[in-house]
Structure formats: C-alpha cells, structure tokens
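Enquirer: Sending over a structure as structure tokens; questions will come in a sec.
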Amino acid sequence: MTPAITDIAAEAALTQMLRDEPAHAVVHAGVGAAGSPNLLWIAARMGSVGIAVVRASEVVCQRGDLVHQDGAACAKFDDGDRCAACCSGSWFRRARAVDLLNRLDLFVAGLQSSALVLLPTADDPAVLEAVGVPKRSLRTAVAEDLAATVASELPELVAPVAFRGD
C-alpha cells in the first residue's frame with residue numbers, strides 16, 4: 001500500500017495508547033480523506049468501540065468526488081480499470097487496477113469493524129451499504145450535529161465494553 005493510504009506512525013501510536021490506557025471509544029473523522037483506515041480496525045481489536053465520521057464519496061472514490069473523468073456522475077466504484085483511468089491525474093496516477101480495489105477493500109474493512117459510521121447526507125448510507133458496510137452501523141448527521149450525535153450514541157455503544165481491571 002502507498003504511504004498516503006495508511007499511516008504506520010498513527011497506527012503504532014494508537015496501539016500503544018490503547019495498551020497503556022484502554023479507551024471506551026475511538027472516533028476517526030475523515031476516513032478516506034485523511035488518516036489511516038486501519039485505526040478503526042485497531043480500535044476494535046484493542047477492545048474499543050470504533051466510530052467513523054466519513055463522506056461516502058471519499059471512501060469509494062479514490063479522487064473523493066464520484067465524478068468520472070468525462071464529467072459524468074460515477075456509480076461504478078468497483079471497477080479498478082475504470083478507476084485507474086479516472087485517477088491518472090492524481091497521486092494515484094501510476095496505480096494498477098488492483099491497487100485501487102485493494103484501497104477500497106481496506107477502507108470498507110475498517111468501516112465494517114466500526115460500531116457507528118456517521119455520514120453527512122441521506123444518500124451516503126446506500127453507497128456504503130452497496131460496498132459491504134453493515135446497514136446497522138450507518139447513520140446520517142449534519143456536521144453541526146456530529147458531536148451531539150456521537151455523545152447521544154455513546155452510552156448504548158460502550159455499555160457492553162469491559163476493560164482489563166474493570
């Protein structure tokens with residue numbers, strides 16, 4: 001994988017932080033645009049509830065806009081050859097089709113391990129559900145309400161979590 005997709009330093013830091021002091025929840029804002037998709041998976045493996053704040057377009061589209069190179073809206077994000085041609089002008093310009101499919105798989109796997117995936121528009125859940133993110137974890141919340149939404153969901157999400165020494 002290319003360093004722009006994963007962040008080994010952030011992954012190691014999160015792992016160490018959760019070993020030193022377990023957290024009930026880890027919130028990752030911007031999955032697909034920034035950070036590492038592995039952070040949510042690491043959080044889940046370390047016993048924390050993973051909460052993602054994402055835009056579906058940034059998860060399924062390597063350019064983050066769901067607009068094909070010809071200017072048309074794109075709904076075909078599992079075709080690595082099509083994506084490679086579309087991304088020829090980005091930092092992914094030398095990516096092979098399989099690299100782009102691996103990127104999608106990596107982001108989806110991180111979201112699959114999350115208890116809650118917050119999305120900004122009513123159209124976003126269908127996009128992520130189509131690539132395998134469980135419907136039960138998908139919720140919409142406008143940016144202004146994100147903190148309140150996370151706070152209202154936390155008690156139910158973390159109730160079953162038990163840590164060493166609890």
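Enquirer: How far, in nm, would the chain grow between Arg82 and Glu144 when pulled straight, counting 0.36 nm per residue and subtracting the alpha carbon separation?
Expert: 18.8 nm
Enquirer: Treat the count of other C-beta atoms within 10 Å as a stand-in for reagent exposure and order Cys74, Cys83 from fewest to most.
Expert: By the 10 Å Cβ count, ascending, the order reads Cys74, Cys83.
Enquirer: Once phi is turned into θ = phi - 60°, what whole-Hz ³J(HN,Hα) does the Karplus curve with 6.51, -1.76 and 1.60 give for every residue of the range 105-117, x standing for Gly and Pro?
Expert: 4, 5, 5, 5, 4, x, 6, 5, 8, 8, 7, 9, 10
Enquirer: Two-decimal Rg/Rh of the chain from alpha-carbon positions, Kirkwood Rh?
Expert: Here the Rg-to-Rh quotient is 0.99.
Enquirer: Averaged across orientations, what area in nm² does the convex hull of the alpha carbons in the range 7-60 project?
Expert: 3.3 nm²
Enquirer: Let me ask another. Where does the chain land at 222 nm, in deg cm²/dmol rounded to the nearest 500, when only DSSP H runs of n ≥ 4 count, each adding -39500 (n - 2.57), divided by all residues?
Expert: When only DSSP H runs of four or more count, the value is -12000 deg cm²/dmol.
Enquirer: So how much slack lies between Ala130 and Gln69, counting 0.36 nm per residue of separation and subtracting their Cα-Cα distance, in nm?
Expert: 19.7 nm
Values in this text are rule-based calculations from the coordinates and carry no lab data. Everything quoted here is computed from the prediction, not taken from an experiment. Note: ideal-geometry Cβ built from the backbone for every residue, glycine included; neighbour counts use all protein chains shown.
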